[in-house]
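Every number in this text was worked out from the coordinates using simple rules, so none of it is lab data. Model, not experiment: these values are computed from the prediction. When we count neighbours, we look across all protein chains shown, and the Cβ atoms used for this are built from the backbone with ideal geometry, even at glycine.
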Amino acid sequence: MRIERLLALSLTIALHFTQLHAQPDTWTWMKGDNTFGSAGVYGTQGVAAPANKPPGVYECGEWMD
């Protein structure tokens, strides 16, 4: 019983002091409009073209587990 309490206390302390920070300045704007809702130009799938650009989106990446 004492070992379980010590383990739980250690885990609580470790999680309390663990901080997660995003990595600042790791993203670079490459191409496309910087306004929300702008239309994208998709072109032909699998064919690179200088006119292709991604659409302006809000929260373009999400995570679900």
Distance between modelled label sites at A14 and W29, nm, 7 Å Cα→Cβ extension = 4.2
Within-10-Å neighbourhood charge of P54 [Cβ basis; K, R +1; D, E -1] | +1
